[in-house]
Amino acid sequence: MIKLIASDMDGTLLNSKHKISKENLEAIKKAQEIGVKFAISTGRMYEDVKPLLDEADLRCQCIVLNGGEYIDEDGKVLEGIYIGKKEASEIINMVIKENIVAEIYTNQGLHTVNTKEETLTEVAYRIKAFDPETSIEDAMKIAETHPHFVNLKYITDIDGFLNSDIKIGKFVTFYNDEKTTVKVKRKLESIEGLAISSTFTKNIEINNKEAQKGLILAKVAEKMGIKRDEVMVIGDSFNDYSMFTEFEESFAMGNAVPQIKEVAKYITDTNDNAGVAKAIYKSLKL
């Protein structure tokens with residue numbers, strides 16, 4: 001019997017309006033009512049996830065930062081897998097050398113070594129990734145008040161930053177074209193000890209190689225006394241891949257990339273047609 005369900009967020013649990021549908025929410029709560037734990041599994045920071053949980057009145061666990069942290073229902077970090085300072089230094093050196101614009105997700109907020117002008121453009125590309133129909137002109141205007149721009153802390157002393165007790169969960173960068181994304185990704189792959197993944201075709205996400213959704217889910221499930229065949233996973237994109245290789249009871253979204261559909265046990269409906277709800281009902285036989 002399934003005891004834990006882990007669902008990706010963007011392109012999976014959230015519809016194209018970036019909301020949790022009534023059908024998905026009802027299915028999650030029915031699962032919780034019969035004792036099944038539910039976890040959102042996302043590349044986002046917990047600070048980005050919490051407002052959506054509050055809006056939906058949903059209390060659940062969260063895998064955030066692509067597997068960098070596992071957080072319980074009360075917002076407490078149960079498990080954390082962070083980027084080492086040596087690897088972080090190499091990434092920052094490459095960011096500066098190759099003119100990469102990146103956000104650094106830490107336990108003390110968002111940081112960057114880039115300028116305000118550079119990060120404003122990167123945040124605009126982020127907005128377009130989540131909503132491709134937004135024009136770049138409108139995205140630039142929205143970016144000015146976006147939390148990922150407003151809350152950024154600008155690093156002026158890199159050595160001081162790296163020598164502090166700060167924990168670095170993830171580096172993220174967004175681009176406006178796929179060619180540049182692929183080129184930068186290849187350069188970053190030369191640094192050992194990292195997991196390089198993407199949620200979208202025009203972004204890059206950098207974690208500790210052990211900080212992957214499937215790996216941290218397996219680790220926490222074991223601590224909870226939950227067997228692998230008692231875990232169900234749902235996802236749509238490249239950063240969900242490790243969940244599908246770690247757990248057999250897996251559902252690819254109807255809108256998933258081909259690589260995820262190839263490794264999934266089942267394919268459910270799309271994120272705009274309550275694919276998560278349908279997967280839950282099928283797996284739990286509700």
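The values are calculated or read from the model by the stated rules, or taken from the named source; none is laboratory data. Every value quoted in this text rests on a predicted model; they were computed, and no experiment measured them. Every residue, glycine as well, gets a Cβ built from its backbone with ideal geometry; the counts of neighbours run over all protein chains shown. The protein model used for the area step is the full one, side chains on, heavy atoms only, and it has no ligands, DNA or RNA in it. Shrake-Rupley method; radii C 1.70, N 1.55, O 1.52, S 1.80 Å.
When every alpha-carbon pair in region 1-131 is counted, what percent end up more than 17 Å apart?
Working: 5527 of 8515 pairs.
For region 1-131, the fraction of Cα-Cα distances above 17 Å is 65 percent.
Can you give the extra length, in nm with one decimal, that the chain gains between Glu47 and Lys29 once fully stretched, where that is 0.36 nm per residue apart less the Cα-Cα distance? List each step's numbers first, then the result.
Numbers: separation 18, 0.36 × 18 = 6.48 nm, distance 2.23 nm.
Residue separation times 0.36 nm, minus the Cα-Cα distance, leaves 4.2 nm.
Return the single residue from Glu103, Glu133, Glu230 with maximal mean-square fluctuation; model: Gaussian network over the chain, springs between Cα atoms under 10 Å.
It is Glu133.
Amide H neighbours of Phe38 under 5 Å, counting only residues 5+ apart in sequence or on other chains, H built in-plane at 1.01 Å?
Under 5 Å from the amide H of Phe38: Ile5, Gln61.
With 33 Å as the cut-off, how large is the P(r) tail for the chain, expressed as percent of Cα-Cα pairs? Display every interim value, and only then the final one.
Details: 7789 of 40755 pairs.
So the portion of pairs separated by more than 33 Å is 19 percent.
Share of region 138-264's accessible area from carbon and sulfur, percent, 1.4 Å?
Numbers: 2920 of 6140 Å².
Its accessible area is 48 percent carbon and sulfur atoms.
Which residue fluctuates most in the GNM of the chain (Cα springs below 10 Å): Gly67, Gly80, Gly235?
Result for the chain, Cα springs under 10 Å: Gly80 fluctuates most.
Could you work out how far apart the two model spin labels at Glu137 and Asn107 are, taking each label as a point 7 Å from the Cα in the direction of the beta carbon, and quote it in nm?
Calculated label separation equals 4.6 nm.
Can you work out the accessible area per residue across region 23-99, with the rest of the protein chains kept in place, probe 1.4 Å, in square angstrom?
Numbers: 3440 Å² over 77 residues.
Value for region 23-99: 45 Å² per residue.
Who wins for biggest fluctuation among Lys261, Lys37, Lys17 in a Gaussian network model of the chain, springs between alpha carbons below 10 Å?
Maximum fluctuation in the GNM of the chain, among the listed residues, is at Lys17.
May I ask you to list the lysines whose Cα is less than 25 Å away from that of Lys86, ignoring any residue fewer than eight positions away on the same chain?
List returned: Lys97, Lys153, Lys167, Lys170, Lys183, Lys185, Lys187, Lys209, Lys213, Lys219.
Taking just the C-alpha trace of region 64-103, give me its Rg and Dmax in Å.
Rg and Dmax of region 64-103, Cα atoms, are 13.8, 41 Å.
Rg over Rh of region 129-286, using C-alpha atoms and the Kirkwood radius, what does it come to? Provide the component values of the computation, followed by the final result.
Details: Rg = 18.5 Å, Rh = 18.2 Å.
Ratio value, two decimals: 1.02.
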